[in-house]
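Below you'll find the structure, written out as structure tokens, and then a few comments.
The values are calculated or read from the model by the stated rules, or taken from the named source; none is laboratory data. Keep in mind it's a predicted model, so treat the numbers as computed, not measured. Don't worry about glycine lacking a Cβ; one is built from the backbone with ideal geometry, like all the others, and counts go over all protein chains shown.
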Amino acid sequence: MFVPQILRFESLPSTNLEAARLAGQGAAEGLCVVAREQTAGRGRLQRQWLSPKDAGLYFSILLRPQLQQSDWPLLTLAAAVAAHDALWDACGVQADIKWPNDLLVNEKKICGILAETVETPSGRAVVVGIGINLTQHAFPATLTLEATSVETVTGRSDQLEILLAALLAALEKYYAMLNQPGGRVEILEAWGERSSYLEGKVVRVVEGGDSFVGTTRGLECDGALRVETADAKIRLVRAGDVTNLRPELKS
Ligand code: BT5
């Protein structure tokens, strides 16, 4: 369990960077950083997360997990489950989870999650950063092809505070679940119930310089995605990008 402590900023380069900086100064588990805009919002693999002013929730939380390091990937799955539930509870948005932790509506990204480990004087910690789009007016045209927002789905963009409250409640719930005996399995099940990517999805996987096509076949107990290739072999994906090759776009 953690006790949330929320620090709010008008503008930051990145809420993850600020949370990591404070972690280095000894900040406690549960420290949350929220900014109205990010000038250098970060995605995975040095990619960018567009974070225009008041257009989304830009949030990071510091965790100091007692879990075995090998279970830490489950933290990002738990964060995806929490963001999924928060979007539903606060905004009535039903999202799909794309492995490992993108949230999509109609195949477009509404939420991205970036978990980063940080070395601190009191041990290794994790900063989990979550970006949720509330509106996409300020996005360049190229991004509107791949991104969506709460406003595009529901017509409303004014739910930042209730979304934040729902996100904190859900993070507390699933973090506590993960820390209980048997919690790993429960998180994997919760993830599977919310993701169309669990089983039978034809995907392209890009991992480092490698790229292959296959069909998803569930998760390993550490959260790796099992993908069956044309030669009936199972490959385990731990760090790649996964794309649906047969999108069924709704209006
Ligand atoms: C992610 O990376 O999806 C992780 C994003 C995490 C953002 C949060 S915001 C709070 C915290 N502080 C940070 O600095 N970061 C975290 P990735 O899977 O690499 O996706 C990045 C890609 O998504 C980009 O290359 C674009 O194609 C696309 N993208 C950029 N901005 C977007 C947005 N606002 N909405 C949807 N897609 C976006």
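For the range 1-27, the set of residues classified as at pLDDT below 95 and crowded, with 17+ Cβ neighbours inside 10 Å consists of Phe2 only. Gly30 is checked against (1) among the small types (Gly, Ala, Ser); (2) within 14 Å of the ligand (Cβ to nearest atom); (3) buried (at least 18 other Cβ atoms within 10 Å of the Cβ) and fails just one. What number does that condition carry? Gly30 satisfies every listed condition except (2). Among the residues of the range 89-119, those identified as touching a residue at least 40 places away in the same chain (Cβ under 8 Å) and basic (Lys, Arg) are Lys98, Lys108.
Residues in the range 221-251 that are surrounded by fewer than 15 Cβ atoms within 10 Å (Cβ to Cβ) and closer than 20 Å to Ala78 by Cβ: Cys221, Leu236, Arg238, Ala239. Each residue in the range 120-153 was checked for being outside any loop (DSSP other than H, G, I, E, B) and touching a residue at least 12 places away in the same chain (Cβ under 8 Å), and 18 pass. Just to verify a result, which residue in the range 13-27, among those that are free of Cβ contacts under 8 Å to residues at least 40 places away in the same chain, touching a Ser or Thr at 6+ places or on another chain (Cβ under 9 Å) and within 15 Å of the ligand (Cβ to nearest atom), is nearest to Gln136 (Cα to Cα)? That would be Pro13.
All of Ala55, Ala86 fail the test of being touching a residue at least 40 places away in the same chain (Cβ under 8 Å) and near the ligand (Cβ under 9 Å from one of its atoms), apart from Ala55. All of (1) surrounded by fewer than 17 Cβ atoms within 10 Å (Cβ to Cβ); (2) in contact with a Pro (Cβ under 7 Å, 6 or more places away or on another chain); (3) closer than 27 Å to Cys221 by Cα hold for Gly182 with one exception: (2). In the range 190-214, of all residues being among the acidic types (Asp, Glu) and loosely packed, with under 13 Cβ neighbours inside 10 Å, the one that is nearest to Ile61 (Cα to Cα) corresponds to Glu193. Within the range 78-102, being more than 23 Å from Asn244 (Cβ to Cβ) and surrounded by fewer than 22 Cβ atoms within 10 Å (Cβ to Cβ) holds for Asp89, Gly92.
Checked against the criterion of being within 23 Å of Arg8 (Cβ to Cβ), touching a residue at least 24 places away in the same chain (Cβ under 8 Å) and in a loop (DSSP other than H, G, I, E, B), the range 180-202 has no qualifying residue.
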